[in-house]
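First comes the structure, then the notes that go with it.
The values are calculated or read from the model by the stated rules, or taken from the named source; none is laboratory data. Everything numeric in this text was worked out from a predicted model, so none of it was measured. Cβ: placed from backbone, ideal geometry, glycine included. Neighbour counts: every protein chain shown. Areas reflect the complete protein model, heavy atoms only, side chains present, ligands, DNA and RNA absent. Shrake-Rupley method; radii C 1.70, N 1.55, O 1.52, S 1.80 Å.
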Amino acid sequence: MVQINRKLCVGCATCIPYCPVEAFKKEAEERKVYVDEGICTNCYVCIRNKVCPVGAIEESSLDNFMKQFQHVISDPTVTSEGTGVPGRGTEEAKTNDVTGRYGRGEFGICIDMGRPGIGCRLRDAEKVAMAVAQAGVVLEGPEITPLATLMTDIKTGKLIDEALDTNVLSVIIEGKCPKEKLPDVLMALQRVEKEIETTFCLGIVSRAEQEEVSFFFETLEKLGIPKPFRGKVNVGLGRPLIP
Ligand code: SF4
Ligand code: SF4
């Protein structure tokens, strides 16, 4: 975790704009800065960029599991031990052309919660994970996505209580649903987005086949959701997909 060496800090405030979640705060009494631990995500942007001219920002041990989790999720240079993937610990779902995680008649659901500048309390990640699980998404396990290591029940998306107040820069919820459940999943997301204090981007992954693509656009139209303005077709690297 990150702390300020008060003997060295001269209160120059150079560090303040570097923090993506505004965790550096000015002390009311003295010309010093401190780190608000309730906001800090342990992303180490301040450490990696050596932003303090007098070396007053110091790294100390991440002394509990939730702090270690924050660091793995929020620092893109760290590799998740559980998944073996750096950068939030989740392999990008758009590589389905080579991983083949989603078969015919299925949609991959990839919910990218939070952003630098906003962050995401895991309480909000839980709300979204539970909403989509109830609507028919089968959530990915800990071998695919680190958030699952905090779930008490992968079927519901419920997180352990001690995780809920934890702040991270962003975190990914991943799963898949059968085609016929996609409208329920999108409606669940429309409902839950009004109950959270952060933002999310939704990625829908399917095989680039006419049936899935047509169904997707028809579903959007029925629900009054504007067509997405960003899309991508990956062409595969020669590896055969699952049926
Ligand atoms: S940059 Fe360093 S010296 Fe300046 S306020 Fe931040 S911690 Fe203190
Ligand atoms: S570790 Fe990240 S969140 Fe914490 S004070 Fe440094 S830049 Fe801000």
- Message: Suppose each label sits 7 Å from its Cα in the direction of the beta carbon; what would the Gln190-Val51 distance come out to in nanometres?
- Response: 3.9
- Determine Rg/Rh for the range 57-130; Rg is computed over alpha-carbon atoms and Rh is the Kirkwood hydrodynamic estimate from the same atoms. 1.03
- Between Leu8 and Glu180, what is the label-to-label distance in nm when each label sits 7 Å out along the Cα-to-Cβ direction? 6.3
- Task: Order the peptides 21-30, 82-91, 170-179 from the highest to the lowest mean number of other Cβ atoms within 10 Å of their residues.
- Result: 170-179, 82-91, 21-30
- Figure the gain on full extension for Asp161 and Leu223 (residue separation times 0.36 nm, minus the Cα-Cα span) and round it to one decimal in nm. 18.9 nm
- Apportionment of accessible area to carbon and sulfur, the chain, percent (1.4 Å): 53
- Message: Tell me whether the chain comes out rounded, prolate or oblate; compute the Cα gyration tensor, take square roots of the eigenvalues as a ≥ b ≥ c, and use a/c under 1.5 as the rounded threshold.
- Response: prolate
- Tell me, in nm to one decimal, what length is gained between Thr77 and Arg31 on full extension, where the rule is 0.36 nm per residue of separation less the Cα-Cα distance? 13.3 nm
- Subtracting the Cα-Cα distance of Leu62 and Ala208 from 0.36 nm times their residue separation yields 48.2 nm
